Every structure is written in structure tokens, then in C-alpha cells.
Amino acid sequence: MSKASDRFNINSQLEHLQAKYVGTWHADLNRFEWGVNIQRDSYASYIGHYPILAYFSVAENESIERQRYNFMQKMLLPCGLPPEREED
């Protein structure tokens, strides 16, 4: 009997984490959405960590604020337009 309650407890914890953190994997997430989450997380990390942002700005010979602006623009559509969905 404890196995069924453990399974329910694990599933409820997983659902809680998926609701709390958008990028966690779940069955309804397709490959495109997963890639978008990864790209946006990466750009947010680049913007949030000043030394990484400074590194990219030096490597691309841009100002730090210009690089920040470029990363924010890339966050809008990081993987291009979403693919068309097949209607069931």
C-alpha cells in the first residue's frame, strides 16, 4: 500500500516543480519549446552575469549595453518562428 502513496507523492512533487519552474520537462512540451527554454535560460544567464557579458562584448567588439540589448532581442524568438502544429 505504501508504494501507491509514494508514487502519488512523487507525482505531486513533480507537478509542483513543473508549475514552479517553467523549463522543467513534462509530457506536453515539444522539442521546439524545450529548445526555446534552453536558449532563453542561456541568454538570461549571459545578461545576469556581468563577467560573461563583458567577455561577449570584448569578443564581438561591442559595448556591454549593446550586447545586453542584442541578447534581450534574441530572447524574443531565440529559435525562430514556431513550427506549424498539425490539427488533430
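Any read-out appearing in this document is the output of simple, stated calculations on the displayed coordinates, not a laboratory observation. Since the model is a prediction, treat every value here as computed from it, not as a measurement. Neighbour counts are summed over all protein chains in view; Cβ atoms, including those assigned to glycine, are modelled from backbone coordinates with ideal geometry.
Net charge of the neighbourhood of residue 43, taken over other residues with C-beta under 11 Å away and scored Lys/Arg +1, Asp/Glu -1, is +2. As a rough guide to protection, the peptides 55-66, 29-40 ranked by mean Cβ packing within 10 Å, highest first, stand as 29-40, 55-66. With a cut-off of 13 Å between beta carbons, the residues surrounding residue 72 carry a summed charge of +3, where Lys and Arg count +1 and Asp and Glu -1.
Grab the Cα-Cα distance for residue 54 and residue 85, subtract it from 0.36 nm times how many residues apart they are, and report the gain in nm with one decimal.
7.2 nm
Charge tally for residue 57 (other residues, Cβ to Cβ under 12 Å; Lys, Arg +1; Asp, Glu -1): -1.
Order of 47, 52 from fewest to most other C-beta atoms within 10 Å?
52, 47
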